[in-house]
Amino acid sequence: MSDELSKIFAALADPTRRDMVARLAVGDATVSQLAEPYDVSIQAVSKHLKVLADAGLVTRTREAQTRPVHLEAEVFDLMTKWIERYRRRAEERYTRLDAVLAEMNDGPAATAGGTEKTRKRNPKRINTDTRGQAS
């Protein structure tokens, strides 16, 4: 699976190919139609499409005299699953970090001046913070 993902991500590393994928997400197109906005030859666009096809991102079909290029959505499911797995892991780490930080802020020795929370809970505490006070 990772070799397949490597091909997919490598294919999408090029901005021209990403743009082609974005355009194909709207609908199928011929090589000539895909080549229109770029200042490159049809052969160059065909090479880009070959990279996308080798990665499984696009296929070519035959309709009468044309061969439209079609975007394969299943590949995005594979990418999404991979990305989602690591996104969840990162979120779990951040959730644990938030819990540790909250525990540190609520603990008795959080800081010498206390946190905003502890100052609010203990209004009789003597204010030793001299910032912003006139001398």
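The values are calculated or read from the model by the stated rules, or taken from the named source; none is laboratory data. What you are looking at is a predicted structure, and each value in this text was computed from that prediction instead of being measured. Neighbour counts are summed over all protein chains in view; Cβ atoms, including those assigned to glycine, are modelled from backbone coordinates with ideal geometry.
Does Glu92 fit the bill of being of a type in the set (D, E, K, R), at pLDDT 85 or above and over 24 Å from Lys7 (Cα atoms)?
It is false that Glu92 is of a type in the set (D, E, K, R), at pLDDT 85 or above and over 24 Å from Lys7 (Cα atoms).
Counting just the residues of region 20-41 that are part of a helix (DSSP H, G or I) and surrounded by 14 or more Cβ atoms within 10 Å (Cβ to Cβ), which one comes out nearest to the chain's Cα centre (by Cα)?
Only one residue tops the list, namely Val21.
Inside region 47-60, can you point out the residues that are in a helix (DSSP H, G or I) and surrounded by 14 or more Cβ atoms within 10 Å (Cβ to Cβ)?
The answer is His48, Leu49, Val51, Leu52, Ala53.
Quick test for you: out of Leu24, Leu57, pick the one residue that is within 14 Å of Lys7 (Cβ to Cβ), modelled with pLDDT of 95 or more and in contact with a strand residue (DSSP E or B) (Cβ under 8 Å, 6 or more places away or on another chain).
Leu57
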